[in-house]
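Engineer: Sharing a structure here in structure tokens format.
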Amino acid sequence: MSQHFDALETRAPEVREATLMAALPAQVANAQKNSAALAEILQGIDPALVTNRAALAQLPVTRKYQLLERQQALRVHDPFGGFATIGWKGMVRSAGVRRVYQSPGPIYEPEGHAPDYWRAARAMAAAGFEAGDLVHNCFSYHLTPGAWIMESGAHALGCAVIPGGVGNTEQQLAAVADLRPVAYSGTPSFLKILIEKAAEAGQKLSISKALVSGEACPPSLRDWFIQHGVAAYQCYATADVGLIAYETAAREGLVIDEGVIVEIVRPGTGDPVSDGEVGEVVVTVLNPDYPLIRFGTGDLSAILPGTCPTGRTAQRIKGWMGRADQTTKIRGMFVHPGQVAEIVKRFPEVGKARLVVTGEMANDQMALHVETGLLADEGLKSRVADAVRDVTKLRGEVHLVAQGSLANDGKVIEDARSYQ
């Protein structure tokens, strides 16, 4: 087995960056021409000028709730809400869709005809999957794309697939005993169930390697798998953009896929944060069929310094670190991370901020903690308090705190209320 999936993984970082940035103008132009939703979102943008990360960071972030809103508004005429450039007979785009999926919401996602459409083969290769392997695929084949993401990657590698799906544990164990697959794809929790149920039945699984996703796989569970003879690796993918990042044998974070541009932004904004700072994962995917540009995943992560010890030179992220959508109801009013960001932008002398909500039920109290070098400036404190009231329509205290004192965890709103 080759150590790497292809030569792209070991490119000089500056070559990769130049290649990705060179592809941006054409993708922006494609989105403006062929995606009604993105034509509106990117109105007035000159694609020829979007050639670097600074220019990319000036474009609006599209978040999942916007996909849902547009799909609901256009469901009769365009179930994809105007984002896709492909479709089927009767739609604006009358061809190009191979499959249509339904994710919770419901949100509908297209699959085009490109081989390994979701780019999962790269993650499978990093997990040790090889041509000729038999893969037991235990993601759901019902409406959602998880199983198909993995199956297309397995086929691209030359693997055969058992479409196990979810549930029916006894039947699946019987198939594993008869067919002896060496690889597994699915959630880590179901893999654990299969191992435990097999042990109860006195059966030793033939599975020795796994690519897991869909939920967290902490180091303790990873070590448990190793103790039971399975080397399990994680990948981070979504139904909207496909593979984003994947784990390698180094076990140091997740390496960013070669077909996406990843930014980490301050939650509620489109503003990139410094490397190492926790923020929301925003992805631009170089997929002409579904050209999502600056798509906010709602997941938190951070860029890891350096490159992977395996020789892969792409940037790495720490992995999944929680959700960025921290919208909180306070005294009957919803407060959004974007509102906190709006307050901060009014004051150049203020850095990070965190809105902390305390109290007991029916006695909400909120305080905005802002980092600044002007800790004794009562005038600043008063002006920030006025801005809090202006933006949120709620009164709250303001605490001026030292720069760098707020936790690096991506939280903009912390709900510390007691619900006992």
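The values are calculated or read from the model by the stated rules, or taken from the named source; none is laboratory data. Since the model is a prediction, treat every value here as computed from it, not as a measurement. Heads up, the Cβs are rebuilt from the backbone with ideal geometry, glycines too, and the neighbour counts pull from every protein chain shown. Accessible surface is based on the protein model in full, side chains and every heavy atom, while ligands, DNA and RNA are left aside. Shrake-Rupley method; radii C 1.70, N 1.55, O 1.52, S 1.80 Å.
To keep it simple, each residue is scored yes or no on (1) part of a helix (DSSP H, G or I); (2) at pLDDT below 95; (3) crowded, with 19+ Cβ neighbours inside 10 Å.
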| position | (1), (2), (3) |
| --- | --- |
| Glu215 | no, yes, no |
| Gly229 | no, no, no |
| Tyr233 | no, no, yes |
| Thr248 | no, no, yes |
| Val255 | no, no, yes |
| Glu263 | no, no, yes |
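Engineer: I need every pair where a residue in the range 289-312 that is more than 30 Å from Gly112 (Cβ to Cβ) and outside any strand (DSSP E or B) has its Cβ under 8 Å from the Cβ of a residue that is open to solvent by 10 Å² or more (accessible area, probe 1.4 Å) and of a type in the set (Asp, Glu), sequence separation at least 6 or different chains.
Structural biologist: From residues that are more than 30 Å from Gly112 (Cβ to Cβ) and outside any strand (DSSP E or B), the pairs are Ala302/Asp275; Ala302/Glu277; Pro305/Asp275; Pro309/Glu252.
Engineer: Touching a residue at least 40 places away in the same chain (Cβ under 8 Å) and over 27 Å from Gly268 (Cβ atoms): does that describe Gly96?
Structural biologist: So Gly96 fits the description; yes.
Engineer: Considering every residue within the range 357-377, establish whether at least one is assigned to a strand (DSSP E or B), closer than 22 Å to Thr297 by Cβ, open to solvent by 50 Å² or more (accessible area, probe 1.4 Å) and touching a strand residue (DSSP E or B) at 6+ places or on another chain (Cβ under 6 Å).
Structural biologist: No, because not a single residue in the range 357-377 is assigned to a strand (DSSP E or B), closer than 22 Å to Thr297 by Cβ, open to solvent by 50 Å² or more (accessible area, probe 1.4 Å) and touching a strand residue (DSSP E or B) at 6+ places or on another chain (Cβ under 6 Å).
Engineer: Can you list residue pairs whose Cβ atoms sit under 8 Å apart, with the first residue in the range 1-14 being within 19 Å of Gly132 (Cβ to Cβ) and at pLDDT below 95 and the second being among the acidic types (Asp, Glu) and not in a helix (DSSP H, G or I)? Count only pairs 6 or more apart in sequence or on different chains.
Structural biologist: Met1/Glu130
Engineer: Do you know which residues across the range 316-326 are open to solvent by 20 Å² or more (accessible area, probe 1.4 Å) and part of a strand (DSSP E or B)?
Structural biologist: Arg323
Engineer: Okay, moving on. On the given criteria, is Lys329 farther than 27 Å from Val262 by Cβ, out of contact with any Gly (no Cβ under 7 Å at 6 or more places or on another chain) and assigned to a strand (DSSP E or B)?
Structural biologist: Here the answer is yes, as Lys329 does meet what is asked.
Engineer: Among the residues of the range 166-196, which ones are at pLDDT below 95, crowded, with 16+ Cβ neighbours inside 10 Å and part of a loop (DSSP other than H, G, I, E, B)?
Structural biologist: Correct list: Val166, Thr187.
Engineer: For Arg119, only one of the following conditions fails: (1) open to solvent by less than 10 Å² (accessible area, probe 1.4 Å); (2) in contact (Cβ under 8 Å) with a residue 24 or more places away in the chain. What is its number?
Structural biologist: All conditions pass for Arg119, except number (1).
Engineer: Right, something else. Picking from Arg331, Arg389, which residue would you name as being open to solvent by 60 Å² or more (accessible area, probe 1.4 Å) and in contact with a Leu (Cβ under 8 Å, 6 or more places away or on another chain)?
Structural biologist: Checking each option against the conditions leaves just Arg331.
Engineer: Return the pair list, or none, for Cβ contacts closer than 8 Å from residues in the range 394-409 that are among the hydroxyl-bearing types (Ser, Thr, Tyr) to residues that are part of a strand (DSSP E or B), at least 6 apart or on different chains.
Structural biologist: Final answer for the pair search is Ser405/Glu371.
Engineer: Report yes if some residue within the range 199-212 is open to solvent by less than 50 Å² (accessible area, probe 1.4 Å), charged (D, E, K, R), under 28 Å from Tyr101 (Cβ atoms) and assigned to a loop (DSSP other than H, G, I, E, B); otherwise report no.
Structural biologist: Checked the range 199-212: no residue is open to solvent by less than 50 Å² (accessible area, probe 1.4 Å), charged (D, E, K, R), under 28 Å from Tyr101 (Cβ atoms) and assigned to a loop (DSSP other than H, G, I, E, B).
Engineer: Grab the helices (runs of 4 or more DSSP H) fully contained in the range 1-63, keeping just those with 2 or more residues being crowded, with 17+ Cβ neighbours inside 10 Å and charged (D, E, K, R).
Structural biologist: none
Engineer: Looking for whichever is crowded, with 16+ Cβ neighbours inside 10 Å, modelled with pLDDT under 95 and farther than 28 Å from Tyr65 by Cα here; the options are Val398, Val344, Val350. Which one fits? If you could, list the steps in order and put the result at the bottom.
Structural biologist: Details: Val398 fails: modelled with pLDDT under 95; Val344 fails: farther than 28 Å from Tyr65 by Cα.
Within the list Val398, Val344, Val350, the selection yields Val350.
Engineer: Follow-up. With the condition kept exactly as written, say whether any residue in the range 64-82 is open to solvent by 50 Å² or more (accessible area, probe 1.4 Å), in contact (Cβ under 8 Å) with a residue 60 or more places away in the chain and out of contact with any helix residue (DSSP H, G or I) (no Cβ under 8 Å at 6 or more places or on another chain).
Structural biologist: Yes, the conditions are met somewhere in the range 64-82.
Engineer: OK, next. Given the conditions (1) farther than 12 Å from Leu134 by Cα; (2) in contact (Cβ under 8 Å) with a residue 40 or more places away in the chain; (3) touching a helix residue (DSSP H, G or I) at 6+ places or on another chain (Cβ under 8 Å), and given that Ala201 satisfies all but one, which numbered condition is not satisfied?
Structural biologist: (2)
Engineer: If Leu304 passes every condition in (1) modelled with pLDDT of 95 or more; (2) open to solvent by less than 10 Å² (accessible area, probe 1.4 Å) but one, which one does it miss?
Structural biologist: Of everything listed in (1) modelled with pLDDT of 95 or more; (2) open to solvent by less than 10 Å² (accessible area, probe 1.4 Å), Leu304 misses just condition (2).
Engineer: A further question follows. In the range 271-295, how many are open to solvent by 10 Å² or more (accessible area, probe 1.4 Å) and either among the polar types (S, T, N, Q) or within 24 Å of Pro305 (Cβ to Cβ) (or both)?
Structural biologist: Residues that pass the stated criteria total 8.
Engineer: Something else now. Taking the range 55-93 as the region of interest, how many residues are aliphatic (A, V, I, L, M) and within 21 Å of the chain's Cα centre (by Cα)?
Structural biologist: Summing the residues that are aliphatic (A, V, I, L, M) and within 21 Å of the chain's Cα centre (by Cα) in the range 55-93 gives 7.
Engineer: Looking only at the range 143-157, decide whether some residue is at pLDDT below 95, surrounded by fewer than 22 Cβ atoms within 10 Å (Cβ to Cβ) and over 25 Å from Arg122 (Cα atoms).
Structural biologist: Checked the range 143-157: no residue is at pLDDT below 95, surrounded by fewer than 22 Cβ atoms within 10 Å (Cβ to Cβ) and over 25 Å from Arg122 (Cα atoms).
Engineer: Give Phe334, Phe347 a once-over and let me know the one that is among the aromatic types (Phe, Trp, Tyr) and part of a strand (DSSP E or B).
Structural biologist: Selected residue: Phe334, the only one of Phe334, Phe347 that is among the aromatic types (Phe, Trp, Tyr) and part of a strand (DSSP E or B).
Engineer: Could I ask something else about it? Pick from Asp299, Asp289, Asp271, Asp257: which is touching a Gly at 6+ places or on another chain (Cβ under 9 Å), under 16 Å from Ala123 (Cα atoms) and acidic (Asp, Glu)?
Structural biologist: Asp257
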